[in-house]
Amino acid sequence: MNFMDIKQISPDQVVFFQYHFITLNLTIVFTWVVMALLVIGSWLVTRRLSTEPKISAWQNILEILVTGIQDQISEISRQKAKRYMPFIGTLFVFIAACNLLTVVPGYESPTASLSTTAALAICVFISVPLFGIAQKGLGSYLKQYIQPTVFMLPFNIMGELSRTLALAVRLFGNIMSGSKIVAILLAIIPFVFPVILQLLGLLTGLIQAYIFAVLAMVYIASATQVQDQTDTKKDDNQ
Amino acid sequence: MLIDWFTVGAQVVNFLILLVLLKIFLFDRIKQAMDQRENNIKERFDKAAEQEAAAEDARKNFEKKTQSLEDEWAARLKQADKDAKERRESLIKEARDEVDGLKNKWQNALEQEKASFFDRFKKQAARLIFDTVEKTLSHLADTRAQDQAVKKFLSRFEALDKEDLPREVETQPRVSTGFDLSESQQKSIQKTVSQKLPDLQDIAFDVKPELVFGIAFAAGGKKMTWHAHDYVSALEKQINQAIESKDHEPQQQ
């Protein structure tokens, strides 16, 4: 069962319900499906967590996932991972789940929609100043836009916008193109080759989730780094 | 258009909801479980470390007590050995002293018995010799030993030099004999003494059995004795030597 035909680029174009500007499209529906899977799966696994050394396989997988994300955050930011863990972790888990589920027939990844990737990029775009201001204060955060000179202000703002756009487009382009290539190849060569490309798409999807999460963390870390270095110097002096 | 702004907004909301839900149902719980497990393991390690430390303390305490007991045991053994040696030496000394005491006592008793024996021997021997001589002289020579003794005394007294005689004559002279003197013998003695010492008072005569047939003259602080003690003493000496040489001979099995 396919909800999209080859001519439709984005799952946004598959609309189930519309009332004025309110639309219920395929992107939102599959997003809810992914959300439901993630939340229910998490709830099922975490409702009976063991605090003993012997743990279940699912708990072990989730702990490996959480520990891996935590280590990546710590490595990139050189800060404690606790503050950024829910945001970066949710980004990675959501994008990875969206991309990995493409192996399910009829499924269309929400990340193949520019609206989804743009929404995620906007979340990153908003979170960067929020974390920065929370960490450094408003004045200190805004001051970095006029560094090293005030003439750099438009370039810094443009840089912020362009990297947000790049985040959205990169993820959208990779996932959308991957799914389209598989769809085209299925029409041309219906055996074996599309399966290989589908597997490659899984890898690409996982890498894209990683890249998105890492870049988000890099942007946040760059917004909080100066204060952190100051703190480190203060700690060293004490 | 590729971007549907309602969808963008909806996805932002969806993402924020997912963020909250995953934070609640995934990250926080997993993190909490991991922290809890880490704490449990840490507590176990701490407990194990405490138990190890307690065991180590107990081991050291035990070793210390064992060492203390061994030291005490060694000290007591040493003290007991020392006490036993001292006790042994003390007992040996006591035994030796007792043996020496008994030996001395026995020797003293022996000496006393010996002295008593020889004293009795001397008296009896002298008496026996005197009786034998008396009988022999009486039967064979028709004379008495005591007469000969008085005679000999008188001749010896007469032969005394002036220096040997007593100079003081104020005190009463005394003649002691081991036998009874007859009146004639007393007179002859008185006469002979008076001739030698004219100023001397009358002589007092008495009998002392221990002299046997000896005669003793005492006057003016001087005492002259003629008796058979020397002979008896020589006999006693010979007998004594004979006994001692008999004692010193090795006993034959």
| task | Return only the number of the condition from (1) surrounded by fewer than 16 Cβ atoms within 10 Å (Cβ to Cβ); (2) over 30 Å from B:Phe45 (Cα atoms) that A:Pro53 does not satisfy. | result | (2)
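Quick check: anything in segment A:4-18 assigned to a helix (DSSP H, G or I), of a type in the set (Ser, Thr, Tyr) and surrounded by 13 or more Cβ atoms within 10 Å (Cβ to Cβ)?
Residues of segment A:4-18 assigned to a helix (DSSP H, G or I): A:11-13.
Checking the rest, the ones that are also of a type in the set (Ser, Thr, Tyr) come to none.
No.
Applying the selection to segment A:15-33, what residues are more than 21 Å from A:Leu100 (Cβ to Cβ) and more than 10 Å from every other protein chain (Cβ to nearest Cβ)? Write out each step before concluding.
Taking segment A:15-33 and keeping what is more than 21 Å from A:Leu100 (Cβ to Cβ), we get A:15-25.
Listed by number, the residues that qualify are A:Phe16, A:Phe17, A:Tyr19.
Would you tally the residues in segment A:46-63 being among the β-branched types (Val, Ile, Thr), part of a helix (DSSP H, G or I) and facing chain B (nearest Cβ under 8 Å)? Can you show your working first?
Here is the first cut: in segment A:46-63, the ones among the β-branched types (Val, Ile, Thr) are A:46, A:51, A:55, A:61.
Subsequent filtering for residues that are part of a helix (DSSP H, G or I) retains A:46, A:61.
Okay, now just the ones that are also facing chain B (nearest Cβ under 8 Å), so A:46.
Qualifying residue count for the region: 1.
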| message | Checking the conditions here, which among B:Asn61, B:Asn40 is farther than 27 Å from A:Phe94 by Cβ, within 14 Å of chain A (Cβ to nearest Cβ) and in a helix (DSSP H, G or I)? | response | B:Asn40
| field | B:Asp180 being touching a residue at least 60 places away in the same chain (Cβ under 8 Å) and not β-branched (Val, Ile, Thr) | value | no
| task | With respect to A:Tyr84, determine if the residue is buried (at least 20 other Cβ atoms within 10 Å of the Cβ) and under 18 Å from the mean Cα position of the chain (by Cα). | result | yes
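Could you list, in sequence order, the residues of segment A:120-168 that are within 14 Å of chain B (Cβ to nearest Cβ) and in contact with a Phe, Trp or Tyr (Cβ under 9 Å, 6 or more places away or on another chain)? Quick ask: steps written out before the conclusion?
Residues of segment A:120-168 within 14 Å of chain B (Cβ to nearest Cβ): A:120-127, A:130-131, A:164-165, A:167-168.
Listed by number, the residues that qualify are A:Leu120, A:Ala121, A:Cys123, A:Val124, A:Phe125, A:Ser127, A:Phe131, A:Thr164, A:Leu167.
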| Which listed residue, of B:Ala80, B:Ala10, is farther than 30 Å from A:Leu65 by Cα and part of a helix (DSSP H, G or I) | B:Ala80
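Quick check on segment B:171-210: of everything there that is aliphatic (A, V, I, L, M) and surrounded by fewer than 16 Cβ atoms within 10 Å (Cβ to Cβ), which residue is farthest from B:Asp147 (Cα to Cα)?
Going residue by residue through segment B:171-210, those that are aliphatic (A, V, I, L, M) are B:175, B:181, B:189, B:193, B:197, B:200, B:203-204, B:207.
This time we only want the ones that are surrounded by fewer than 16 Cβ atoms within 10 Å (Cβ to Cβ), so: B:204, B:207.
Values: B:Ala204: 19, B:Val207: 15 Å.
Out of the qualifying residues, it is B:Ala204.
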| request: Please enumerate the residues belonging to segment B:2-30 that are facing another protein chain (nearest Cβ under 7 Å) and within 13 Å of A:Thr27 (Cβ to Cβ). | output: B:Leu2, B:Ile3, B:Asp4, B:Phe6, B:Thr7, B:Val8, B:Ala10, B:Gln11, B:Val12, B:Asn14, B:Phe15
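Here, each number is a calculation from the coordinates, and none is a lab measurement. Please read these numbers as outputs of a predicted model, since none were measured by experiment. All Cβ positions, even for glycine, are placed from backbone atoms using ideal geometry, and neighbour counts span all protein chains on display.
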